[in-house]
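Notes to accompany the following structure.
The values are calculated or read from the model by the stated rules, or taken from the named source; none is laboratory data. Remember, it's a predicted structure, so these values are computed and weren't measured experimentally. Cβ sites come from the backbone with ideal geometry, for glycine too, and all protein chains shown count toward neighbours. Protein only, heavy atoms only, side chains kept; ligands, DNA and RNA dropped before computing areas. Shrake-Rupley method; radii C 1.70, N 1.55, O 1.52, S 1.80 Å.
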Amino acid sequence: MSEFSWRTRQAHLARLSEETFNLLIIGGGITGAGIALDAAARGLKTALIERRDFAAGTSSRSTKLIHGGLRYLEHFDFALVREALRERALLHRLAPHLVEPFPFIVPIYQQSNRNYDHPLKMRAGMFLYDLLAGRHNFARHRRLSVEEALEHAPQLDPQGLQGALLYYDAQTDDARLVVELIKTAHERGACIANQVALTGFTRDAQGQINGAELRDELTGNSFAVKALQCLNATGVWTDELRAFTAGQPANGKHVRPSKGVHLTVSAERLNVTAAWLIPALTGHRFYFVVPWQGRVNIGTTDTDYDEGKDAPGAVAAEVTEILHAINAYFPAAELEPADVITAWAGLRPLISDGASQSTTAVSREEEIFESADGLLSIAGGKLTTYRLMAERIVDRAVTRLRQHNVKAAPIETERIAIGGGNATHDELVELVGRIAQEERLPRATAQHLVNSYGTEAKRIVELMRSDEQLREPLIKNDEALPHVAAEIVYAARYEMALTLADALARRTRLAMLAELQSDAVLIRCADLMAVELGWNVTERIRQIELMRGELSREYAVTD
Ligand SMILES: Cc1cc2nc3c(=O)[nH]c(=O)nc-3n(C[C@H](O)[C@H](O)[C@H](O)COP(=O)(O)OP(=O)(O)OC[C@H]3O[C@@H](n4cnc5c(N)ncnc54)[C@H](O)[C@@H]3O)c2cc1C
């Protein structure tokens, strides 16, 4: 991968103000990133702008599952589940470092009110899930004995436990998946910049959109970009951009944000070796309890949301609600609010037709909107199905681009490795061993580097070889977090991290995994970024303050 830094961004800003693009994508979450790769790979002259940072919206705050969605079978969304299961297998091949098959377990109790559903119905659902996955399945579901269930979760309540059901899905690192898609799109020629907001559209004499007004969020400078087709991929902000356009479709559909809160706790406090589905105490829902990057994530809630969308946070009542449910099933864990390392919230961009059903019942399918003045918008869907969403919207864009005599090559994304995913699973295992041995690194560190960056871990190794200090762990005395200093340099040089928060929240995921308020870690990381980005002392202090603000608004319990 080539350099993708603030310098690249400068060059891209110049291109944005000078050239005419076939496609301008607004929004750098999973949807926009997937579209950028699809379009660039089809040979379209593609630009993407993101107001904040890549994945700073919903796409860094999901449960991080690449899944068919067992629950959607209850709504008879068989087609949705089947295509998501196919994508699950494909993404495991295209990004084997980032999409990992993982066991999921549902406990079964004698007391029917402790079960999510009747065990026979759940088993039938898993049977169907296996069937829909077909040859793309990781492994078939099976029943676990009480002893086997407790081996996977020693703190699980044994009272009335009759066993459990185990099936397979996959987990990922959502923000890294976005960043690696962005980098791959850049490798294919896409012109991409973060910290650039769309503030309006420009129009031709016929009133058709022919570009956009943009603002560089770092300098406040405004400028215009010319694009034959603009494409809105702004998630829960979709309707804000649609409001700039003329002629909304008559079906009245709109985005209905639904808030989902997660908690991150240490693996010592909640000891699980697989992901668990734990019924919520009220409503027909469950919480996922998922081991992730040395910690355990628990979530999520699902409630209508109409407050500020930029920095949704978890409130104390939501934390209490989640902990009550988890303690009811893992009484030996005795989790308390003090055990919560971080709490974070995301907003689902659900599509509503105005009917007042619960957010849980609203379909997860995506919707494409086309305004009379030519803006294409896409919203809804899931992380898992981003590639298909990209295919569909780029197909629509290609049809519209024909009027400008622009032709596109066939879809290619089924064959393009994502980021450092250009290796098989076995080759990645071998790479872990080689890095550990040749660099004399703990195996956990090598494993973490390969899981996070795939074959690009070699570039982190090069950085460590060039400067011994870059081998040092960022977090001292915590074996669960083997992150090294070189990752911060890599984030700035090869992943367009422009702020301390970009590096700590969305390139590495330390903002989610650790209580980062300690001066030592923030100062160390700011110093590393300063060398790459030319920050003076004042800027370093400002970055640390900005990071602290983001941590307290977006990763701590607000109330
Ligand atoms: C709690 C929760 C759990 C979930 N779990 C899963 C899961 O396990 N698996 C799964 O498959 N899916 C999951 N999802 C769904 C999935 O996360 C979302 O569907 C997906 O992340 C939405 O991505 P997006 O790119 O459409 O939106 P976002 O990620 O929100 O991206 C939109 C981007 O547009 C930018 N933007 C907005 N306005 C402008 C502007 N004017 N100019 C420039 N940029 C702008 C924003 O800054 C933002 O970065 C979950 C969602 C939630 C909330």
Practice problem: State the Cα centre-to-centre distance between the stretch 208-278 and the stretch 478-523 in whole Å. | Solution: 24
Self-check item: Loop-located GluC sites (Glu not before Pro) in the stretch 261-329 whose Cβ has at most 11 other Cβ within 10 Å (DSSP)
Solution: 268, 307
Practice problem: Report the charge-dipole magnitude of the stretch 77-236 in Debye, nearest 20, computed about the Cα centre from +1 at each Lys and Arg Cβ and -1 at each Asp and Glu Cβ. | Solution: 500
Quiz item: In whole Å, what is the distance between the alpha-carbon centres of the stretch 541-559 and the stretch 101-134?
Solution: 40
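Are there trypsin sites (Lys or Arg not before Pro) in the stretch 401-490 that DSSP marks as loop and that have at most 15 other Cβ atoms within 10 Å, and which are they? Intermediate values should be presented prior to the final figure.
Details: sites: 402, 407, 415, 434, 440, 443, 458, 459, 465, 471, 476; in loops: 407, 415, 440, 476.
When the trypsin sites (Lys or Arg not before Pro) of the stretch 401-490 are filtered for loop state and at most 15 Cβ neighbours within 10 Å, 407, 415, 440, 476 remain.
Excluding residue 176 itself, what net charge comes from residues whose Cβ is under 15 Å from its Cβ, given Lys and Arg +1 and Asp and Glu -1? Don't skip to the answer; put the middle values down first.
Values: positive: 61, 64, 183, 459, 506, 507, 509; negative: 53, 100, 173, 174, 180, 456, 487, 495, 502.
Residues close to residue 176 contribute a combined charge of -2.
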Quiz item: Charges only on Cβ, +1 for Lys and Arg, -1 for Asp and Glu: so what's the dipole of the chain about the Cα centre, in debye to the nearest 20?
Solution: 1320
Exercise. Would you count, across the chain, every pair of lysines whose alpha carbons are under 22 angstrom apart, provided the pair is eight or more residues apart or spans two chains?
Key: 15
Practice problem: Could you provide, to the nearest whole Å², the per residue accessible area of the stretch 144-239 with probe 1.4 Å? | Solution: 33
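For the stretch 425-558, give the magnitude of the charge dipole about the Cα centre (Cβ charges: +1 Lys/Arg, -1 Asp/Glu; no others), in debye to the nearest 20. Let's see the in-between values first.
On the way: 17 positive and 23 negative charges, 28 e Å.
Value, rounded to 20: 140 debye.
Kindly report the accessible area of the stretch 425-558 per residue (heavy atoms of protein chains, probe 1.4 Å, no ligands, DNA or RNA), in Å². Provide the component values of the computation, followed by the final result.
Values: 5710 Å² over 134 residues.
For the stretch 425-558, the per-residue accessible area is 43 Å².
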Self-check item: Estimated inter-spin distance, residue 151 and residue 353, nm [label 7 Å along Cα→Cβ]
Solution: 4.8
Quiz item: Mean residue ellipticity at 222 nm from the helices of the chain, using -39,500 (n - 2.57) per DSSP H segment of n ≥ 4 over the full residue count, to the nearest 500 deg cm²/dmol?
Solution: -11000 deg cm²/dmol
Quiz item: Out of 257, 377, 492, whose Cα points farthest toward the positive end of the dipole of the chain (charges: +1 Lys, Arg; -1 Asp, Glu; placed on Cβ)?
Solution: 377
Quiz item: Considering only protein heavy atoms and a 1.4 Å probe, what is the carbon-and-sulfur percentage of the accessible area of the chain?
Solution: 50
